[in-house]
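Structure record follows, encoded as structure tokens.
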Amino acid sequence: MNRSWLNAFGWIAAAALADFLIYVGLFAIGAAAGVKILFYRGVILGLVAAAIVFVAFALLFRGRDPSLVIASAAVSFSLNVCFLVLLPVTVDRSVTVYLLSTIDRQDDRGINPAALEQAFIKGYVVDMHAIGRRIDEQRRSGNISVGSDGKVRLTDQGRRFMRFSRMVARLFGTDPRFVRGPDEREPAAAEAKAAKRG
């Protein structure tokens, strides 16, 4: 590996570090606080941080090959989105993290699974309005609509998203129960329906 390769890696690493510090700083000062959905806010701030790095490197490397500038901004943005999904979004949305925090509050006393289930239903689903928050967020995202009758329905965008999600689930072998379609019933219900037809 020659010196030019090492220099390129060094500059890209420096850009990624600078971009990450800018990214965290933007969160710390409350930038884009009006965007209530954490993932969307994170992507917007990631683009802002990458744009700052892009402009800074474009000025620094003015008149030279622009590929290093483009690569630095692209790598920086990609790493920040990976960080966003792996840590902040996981902490904000993960059922597992909530359960671990519930267990942590028990100190060494422990908690049995039935009590943990009840604590989850009351604390996460009921007290934290988990369903209402998700409905509001998906309505803002355009995946659902709430009719005058108060019922929640998928929009065309929501149906496209679910078709895409089923394709991803099949491709990566995720749990298919999370993405069941309208023709896919619970196993017991499907068996009962088949028996009734037979």
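The values are calculated or read from the model by the stated rules, or taken from the named source; none is laboratory data. Fair warning: this is a prediction, and the values are worked out from it, not measured in the lab. Quick reminder, even Gly has a Cβ in these numbers, built from the backbone with ideal geometry, and neighbours come from all protein chains shown. Note: accessible area is taken over every heavy atom of the protein model, side chains too, but ligands, DNA and RNA are not part of it. Shrake-Rupley method; radii C 1.70, N 1.55, O 1.52, S 1.80 Å.
Below are the figures for this structure:
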| quantity | calculated |
| --- | --- |
| Solution diffusion estimate, µm²/s, Stokes-Einstein, segment 108-163, Kirkwood Rh from C-alpha pairs, 37 °C, viscosity 0.692 mPa s | 246 µm²/s |
| Carbon plus sulfur fraction of accessible area for the chain, probe 1.4 Å, in percent | 65 percent |
| Arg62/Leu86 FRET efficiency (R0 30 Å; Cβ-Cβ; nearest 0.05) | 0.30 |
| Over the chain, relative contact order from alpha-carbon pairs under 8 Å, at least 6 apart, % | 13 percent |
| Scattering curve values for the chain, log₁₀ I(q)/I(0), Debye with Cα scatterers, q = 0.08, 0.14 Å⁻¹ | -0.47, -1.08 |
| Geometric extent, Cα atoms of segment 1-103 - Rg, Dmax (angstrom) | 16.4, 58 |
